[in-house]
Amino acid sequence: MDFALDDDQALIVQTVRRFVDKDLRAWAGDADRAAEAPGKLATVAGDLGFYLDAVPEAAGGLLDGAYAHVTRALRGLELGRGCSAMAALLECNVEPALAVARWGSDAAKAELFASLAAGGLATTGRDSRGALTLTADGDGVRVTGKIGPLPALGRASHVLLCATLDGAPVALLIATAGQRVAAQAPSAWRAAAWGTLTLEHALVPASHVVARGADPVALIGAWYRSSLAARAAGVAVAAMEHARHYASERVQFGQPIGRFESLIGLRDDALTAATAARLMALHAAWLCDRATDGASIAAAADAASRARVVAGDAVRQATVDAVQIYGGYGFVNDYPVEKLMRDARPYEQLFGDERFDRVLADPDRAGGI
Amino acid sequence: MDIFHDNAMLAGVRQMLGAFAKQYIRPVAMKHDREESMPWALMKQAQAFGMTQTAVVDGRKALTGKDDEEGANKPKSQSRLGVVGSEELAYGCAGVCLAIGGSGLAASPVARMGTEEQKQEFRRLLKGDDEHGHIKVAAMALSEPSTGSDISSLSTTARPDGDYFVINGHKQWITNGQSAAAYVVWAQTDPSAGRAGVRGFLVARGTPGLIPGRKEHKLGIRASETAQVHFEDCRVHKDMMLGIGASSEGLGDTKKMLDSTRPMVGAQAVGIARAAFDYLVERVQGGTIHGTALKQHQHVAFELAEMEMEIQAARALVHKSAWMADHGQDNVRMASIAKAYGAKVAQDVTARALTLLGEEALEPDHPVEKWYRDAKIYDIFEGTGQIQRRIIARSILGVNAT
């Protein structure tokens, strides 16, 4: 076992960190207020290799060989330190690209990769509560219901939907062109181009049924959750970086408030939780890199789900406590932490309630714990 | 009167304000949150319901229709009235509740320490509508940019000059700071006297040197206006200094005031928690997950049980602290317990509700997400959670721990 980064990983972390500290943090406040990422995000991030990192070279992307989820998690940790909304825009293409590259038809590949290569976005959603209606239509699938709100869906050309058809998991690639997409700006990740997609008996042709069965859908979930967990751990770290800086300067009762034991305790608990989340996210990503068959996919899915539970709790508490340490200043948007508290929520909510999912999905449920 | 039972008056107020919250506050709460706007129309309606801006000064006659001073030795119900009303209004929307009741923060020291002349002046300043047709509101200006939790480090000064005091300084996080017709500003009159030299002054809007500052953009309670207020050589007649004579304890006056409002602040937090709880119960009653009823899942049902335990406990503490105040008992420790625990419960219940609602709560303008944002201020304003624990711990150990 080796916890050290290799040279490539260290370089990527260093590069993304510089981008985060110099650009993302500087843009975050304005992007949040405007509910829109700056145009230069695409240029700068594109130069750094985002957007097409999961698209195979042969299809016009940057992926040469196997995709490395560990590297993605390391990158996600840094992006989370910068801005959740822009991080989501930079990460959203990965699951659709990987899934289509791995299991998709030639038609699906051609369509999705042409869009992504031209600067398009794709996103991923899951029917976590069984609210959609899916029916078979030949080898295709008809879908009725509302998908989202999902980050990037307001601008995405495609959404990779994980749902259930006749009791069996399926992953569908749905083109948004000509469909009812509504852009939204909720209070979290405001610049993430959120949207909903409302479908009525929309036909997803057989060529766009990307995968059927438990394993592929579980693996997509593992990718998605490990990435969410990594970014959430980054947000938790950022919350305490800001709080520590503020607490070292803010003087009350004759001393910097950062010297009060109660606040040291808040910071320490937050960093302990963030450290655990970081390690669990990296472990889940490491398992994703090794997920080849049913058993290894199940292990990756399990680790990613647990990482997301810990990371969701960590980011919620760390951001709430960062606001607490800032006190009255934490509640106003001149300072960065109230945004972090709003931004913490989707890490727990996207893709469904993790704890509940495991209660429902436990194969041993009938037999008890 | 016991704390487990609402008497007829309390039950009446609960019913009336509960109905007001549902019928009038809820329908507009999200709009004012989104727009960060004061609910002026609603505030006028509230006034018509008897929730007047000078109610505290008037001994709340307007609200209850009768004088609470039933006899010198009889316990009052003013504090419990405050907690019942606060919980119901905050159940509608905490931001709107604070907009409706925000003037009370300024009215309280006037009622407590004001001369008859000052009370009359306060009523006069708040009478009628302003040029926009809005009701008039008051602001209490205590906190400063460098003076949040540690209010003994106030730097705003009031220098005596003949029959006047000249006020200079900056105030921060002031409810109604931009719109107020009357301000109660706290300033140091005698730096050599330390805490004993702090006094409150009643200052009318338009007084030269009183400059309402910019409005803050906040995480929550966005229907309530929070702004900076600046004082630059603002001359105020000495007759407008509160606590004239021997009755003032300087800064201690503000602490007593904060002690007296804490049960109400805790009650508002309970109101938010109850709002999220009721919303969730309704969703669970009718909701399904993968074709099975949500309410049949222990994972969901036990969460509701946990929330109900917390809410009931918080409400009992709030009522006990108010009951103690109404019975003339020292409630400093209990008021801090009620406020701190209420804040904890409001944050916890709204967070749990969001988690259970899952992706639904990512919709824009989702009420539970708003309540989650609103709840956070209850651990910050009117004494942070840390300050409450400091007070509670000091009452246990007799010393301030750092």
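None of the figures in this text is laboratory data; all of them are computed from the coordinates on show. None of these values were measured; they are calculated from a predicted model. Cβ atoms come from the backbone with ideal geometry, glycine included; neighbour counts cover every protein chain shown.
Converting phi to 3J(HN,Hα) with the Karplus coefficients 6.51, -1.76 and 1.60 and the offset θ = phi - 60°, region B:253-264 yields 4, 5, 5, 4, 4, 5, 4, 6, 8, 4, x, 5 Hz in sequence order, with x at every glycine or proline. The C-alpha atoms of chain B define a longest principal axis, and helix B:26-35 lies at about 60 degrees to it.
Mind grabbing the base-10 log of I(q)/I(0) for chain A at q = 0.09, 0.12, 0.14 Å⁻¹? Debye formula, identical points on the C-alpha positions, no solvent, two decimal places. Values, matching the q order: -0.49, -0.87, -1.17.
Each of B:A196, B:A139, B:G162 was placed along the dipole of region B:126-207 (beta-carbon charges, centred on the mean Cα), and the one lying farthest toward the positive end is B:A196. Computed about its Cα centre, the charge dipole of region B:225-299 is approximately 400 debye, with only Lys, Arg, Asp and Glu carrying charge at their Cβ. Computed over all pairs of different Cα atoms, the Kirkwood value for the hydrodynamic radius of region B:138-240 is 13.6 Å. Largest GNM mean-square fluctuation across A:G82, A:G178, A:G221, computed for chain A with C-alpha springs under 10 Å, falls on A:G178. Across peptide B:361-369, the mean count of Cβ atoms from other chains lying within 10 Å of each residue's own Cβ comes to 6.
Sort largest first and round to whole Å: the equivalent ellipsoid semi-axes of the protein assembly as shown, each the square root of five times a Cα gyration tensor eigenvalue. Mind showing how you got there, number by number?
Working: eigenvalues 542, 152, 107 Å².
The three semi-axes for the protein assembly as shown are 52, 28, 23 Å.
Of interest is the spacing of the C-alpha centroids, which for region B:117-194 and region A:249-263 amounts to 27 Å. Shown in residue order for region A:52-61 are the 3J(HN,Hα) couplings computed by the Karplus curve 6.51 cos²θ - 1.76 cosθ + 1.60 at θ = phi - 60°: 10, 5, 9, 8, x, 3, 4, 9, x, x Hz (x for Gly and Pro). Taken one residue at a time, the phi angles of region A:307-317 give Karplus couplings (6.51, -1.76, 1.60, θ = phi - 60°) of 4, 5, 4, 5, 5, x, 5, 5, 6, 4, 5 Hz. Gly and Pro are set to x.
Helix B:116-125 and the longest principal axis of the C-alpha atoms of chain B enclose an angle of approximately 60°. Please give the Cα centre distance for region B:289-339 versus region A:91-158, rounded to the nearest Å. Going from one Cα centre to the other spans 44 Å.
Taking every DSSP beta bridge that has both ends in the protein assembly as shown, the antiparallel portion is near 85%. Taking every residue in A:342-349 and counting other chain Cβ atoms within 10 Å of its Cβ, the average works out to 4. Highest mean first, the peptides B:137-144, A:264-271, B:168-175 sorted by other C-beta atoms within 10 Å per residue fall in the order B:137-144, B:168-175, A:264-271. In this label model, B:E36 and A:A182 are separated by 2.5 nm, measuring between points 7 Å along each Cα→Cβ vector. Considering helices alone, the calculated mean residue ellipticity of chain A at 222 nm is -17500 deg cm²/dmol, with DSSP H runs of length four and up weighted by -39500 (n - 2.57) and normalised per residue.
Treating r as the C-beta distance of A:H245 and A:A117 and R0 as 51 Å, the FRET efficiency rounds to 0.80. For chain B, the equivalent ellipsoid derived from the alpha-carbon gyration tensor has semi-axes of 36, 23, 21 Å in decreasing order.
Taking a cut-off of 22 Å, what percent of all Cα-Cα pairs in region A:7-103 are separated by more than that?
Details: 1314 of 4656 pairs.
Everything past 22 Å amounts to 28 percent.
Working from Cα pairs under 8 Å separated by at least six residues, relative contact order for chain A is 17 percent.
Shielding of B:298-304 by partners, i.e. mean partner chain Cβ atoms within 10 Å per residue? Can you show the working numbers first?
Working: counts 1, 6, 3, 0, 0, 2, 0.
Mean shielding count: 2.
Which one, B:M113, B:A90, A:S115, projects farthest toward the positive side of the charge dipole computed for the protein assembly as shown from Cβ point charges (K/R +1, D/E -1)? Result: B:M113, furthest along the dipole toward the positive end.
Please give the helix B:298-326 orientation as an angle from the longest Cα principal axis of chain B, in degrees from 0 to 90, rounded to the nearest 10. Roughly 30 degrees, rounded to the nearest 10. One equal scatterer on each Cα of region B:288-402, no solvent, Debye formula: the resulting log10 I(q)/I(0) at q = 0.16 Å⁻¹ is -0.84. Between region B:238-270 and region B:1-46, the C-alpha centres lie 24 angstrom from each other.
Over all Cα pairs of region A:214-367, how is the pair count split among 5 Å bins, expressed in % and running from 0 up to the last occupied bin? P(r) over region A:214-367, rounded to whole percents: 2, 11, 18, 18, 15, 12, 9, 7, 5, 3, 1, 0, 0.
Take the Kirkwood radius over Cα pairs of region B:341-402, plug it into Stokes-Einstein at 10 °C and 1.306 mPa s, and you get 121 µm²/s for translational diffusion. The protection proxy used here, the mean number of other Cβ atoms lying within 10 Å of each residue, ranks peptides A:100-109, B:382-391 as follows, highest first: B:382-391, A:100-109. Extending 7 Å from the Cα toward the beta-carbon at both A:D7 and A:S105 defines two label points whose distance is 4.5 nm.
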